[in-house]
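Visitor: Shown below is the structure under consideration.
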Amino acid sequence: WNAVGYAAMPVPILMQPAAVLGVFGMNALAVFAFSLPAAMAQGARRAALAAAMLVVLVAADAGYGYWRLADAKEPEAGAPLVRIVQPAIDQSEKWDRAKRNEIFDMLIALTEKPGPTGDMPDIVIWPETSVPFLLTEAPQSVAAAAAALAPGQVLLAGAARLGEVDRADGMPTYYNSILALDSDGVIFDAADKKHLVPFGEYLPLRPLLERIGLKAIAASADRGYSPAERRRALSLPGGVVVLPSICYEAIFPYEAEAEGEPATVMVNVTNDAWYGDTPGPYQHAHQARIRAVENALPMLRAANNGVSAIYDALGRQSAALGYGPQGAVEARLPQALA
């Protein structure tokens with residue numbers, strides 16, 4: 001979860017070597033650098049050598065970061081405007097049937113709300129399972145969401161999705177998904193979560209463990225979610241190609257790829273309200289931020305409750321909401337790098 005290499009990359013200037021080495025390479029360098037002070041107790045000669053090596057390593061890290069950031073470009077004036085909605089729904093109310101309409105109406109209100117610039121966003125993102133019901137089975141709600149969008153706007157909504165009936169047991173399948181909706185009310189694309197959380201979204205050894213009363217705690221149905229067979233990129237208007245990740249999929253660097261066109265942006269939707277006001281939401285956001293640097297792609301992160309943020313391909317933060325507040329943040333879409 002919280003690999004030691006992340007501790008060596010607290011700010012963008014120190015994150016840049018991750019673009020070459022990845023977090024696993026930074027793990028090795030961090031362990032080496034953090035262990036060098038132990039040589040201080042091995043005599044003056046070894047202490048001097050260790051101190052010199054530590055200075056060289058830190059200087060090389062910061063120097064490379066400074067060089068890379070020196071050529072950083074700001075988002076283009078005509079780049080798509082992105083709004084990230086953070087509803088801050090209390091976990092105890094998230095699947096409360098009595099709260100469904102209230103939650104959905106609040107998502108709509110945050111989508112329609114005028115932004116600080118007065119411009120309407122081109123892309124709106126709702127967090128993981130933000131819709132407290134099966135949106136694909138609620139045409140009136142799809143129409144209401146579409147009505148909140150101006151012509152040309154696109155909504156990426158985290159929502160549970162009903163799939164095909166499982167041939168093995170005749171039961172319906174459910175997916176934890178990102179749905180792409182346009183202003184005409186058409187769900188024109190979708191991506192399902194591939195790497196599910198054991199015991200959270202699915203129950204390992206389900207036939208056996210169900211007999212003693214266990215079930216997946218975070219799923220919308222007792223049987224849990226089904227995993228996607230593959231990770232798919234989402235193609236949006238204007239040439240925007242999204243590499244999607246849902247919840248903790250963003251912590252796995254080797255999963256930052258998808259079938260389809262080369263991505264121009266990464267989108268991570270999550271529900272970090274599970275953690276409460278602890279280091280958890282901030283650790284999770286930091287790991288997603290490093291994925292941006294590793295892959296030279298901007299990262300748009302929508303959390304139900306902290307941290308919702310827009311990071312550019314160098315890990316610089318354009319806008320963010322921490323844990324607690326309900327609202328929305330927006331910024332121009334940063335550019336991808338080579």
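The values are calculated or read from the model by the stated rules, or taken from the named source; none is laboratory data. Computed from a predicted model, the values in this text were never measured in an experiment. Counting neighbours? That spans all protein chains shown, and the Cβs are built from the backbone with ideal geometry, glycine included. Each accessible area value is taken on the protein alone, full model and side chains, heavy atoms only, with ligands, DNA and RNA left out. Shrake-Rupley method; radii C 1.70, N 1.55, O 1.52, S 1.80 Å.
Visitor: Looking at (1) under 23 Å from the mean Cα position of the chain (by Cα); (2) under 19 Å from TRP274 (Cα atoms), which is the only condition MET106 fails?
Guide: For MET106, the failing item is (2).
Visitor: Moving to a separate point now. Output the number of the condition that ILE108 fails; it satisfies all remaining conditions of (1) in contact (Cβ under 8 Å) with a residue 12 or more places away in the chain; (2) assigned to a helix (DSSP H, G or I); (3) more than 23 Å from ASN268 (Cβ to Cβ).
Guide: Status for ILE108: all satisfied but (3).
Visitor: Looking only at segment 9-68, count how many residues are at pLDDT 95 or above and of a type in the set (S, T, N, Q).
Guide: Qualifying residue count, segment 9-68: 2.
Visitor: On to the next question. Which of the residues that make up segment 297-318 are more than 14 Å from PRO127 (Cβ to Cβ) and at pLDDT below 95?
Guide: SER318
Visitor: Something else about it: What is the one condition in (1) under 21 Å from the mean Cα position of the chain (by Cα); (2) farther than 24 Å from GLY239 by Cα; (3) open to solvent by 20 Å² or more (accessible area, probe 1.4 Å) that PRO139 does not satisfy?
Guide: The one condition PRO139 does not meet is (1).
Visitor: Of the residues ALA292, ALA263, ALA296, ALA273, which is of a type in the set (A, V, I, L, M, F, W, C), under 13 Å from the mean Cα position of the chain (by Cα) and either open to solvent by less than 40 Å² (accessible area, probe 1.4 Å) or under 26 Å from LEU21 (Cβ atoms) (or both)?
Guide: Within the list ALA292, ALA263, ALA296, ALA273, the selection yields ALA292.
Visitor: With respect to ALA143, determine if the residue is without any contact (Cβ under 8 Å) to a residue 40 or more places away in the chain and not in a loop (DSSP other than H, G, I, E, B).
Guide: no
Visitor: Sticking with this one: Would you confirm whether or not segment 114-121 contains a residue that is open to solvent by 50 Å² or more (accessible area, probe 1.4 Å), outside any loop (DSSP other than H, G, I, E, B) and without any contact (Cβ under 8 Å) to a residue 12 or more places away in the chain? Steps first, please.
Guide: Just the residues of segment 114-121 that are open to solvent by 50 Å² or more (accessible area, probe 1.4 Å), to begin with: 114, 116-120.
Of the ones still in play, those that are also outside any loop (DSSP other than H, G, I, E, B) are none.
No - not one qualifying residue is present in segment 114-121.
Visitor: So which pairs qualify, if the first residue must be in segment 46-58 and touching a residue at least 24 places away in the same chain (Cβ under 8 Å) and within 10 Å of LEU36 (Cβ to Cβ), the second must be of a type in the set (A, V, I, L, M, F, W, C) and open to solvent by 50 Å² or more (accessible area, probe 1.4 Å), the Cβ gap must be under 8 Å, and the two must be at least 6 apart or on different chains?
Guide: Within 8 Å, the pairs are LEU57/LEU29; LEU57/PHE32.
Visitor: So, one more: Determine, yes or no, whether GLU249 is open to solvent by 50 Å² or more (accessible area, probe 1.4 Å), acidic (Asp, Glu) and not in a loop (DSSP other than H, G, I, E, B).
Guide: So GLU249 does not fit the description; no.
Visitor: Sticking with this one: Here is a list: ALA256, ALA331. Which entry is surrounded by 17 or more Cβ atoms within 10 Å (Cβ to Cβ), touching a residue at least 60 places away in the same chain (Cβ under 8 Å) and in contact with a Ser or Thr (Cβ under 9 Å, 6 or more places away or on another chain)?
Guide: Testing whether each residue is surrounded by 17 or more Cβ atoms within 10 Å (Cβ to Cβ), touching a residue at least 60 places away in the same chain (Cβ under 8 Å) and in contact with a Ser or Thr (Cβ under 9 Å, 6 or more places away or on another chain) leaves just ALA331.
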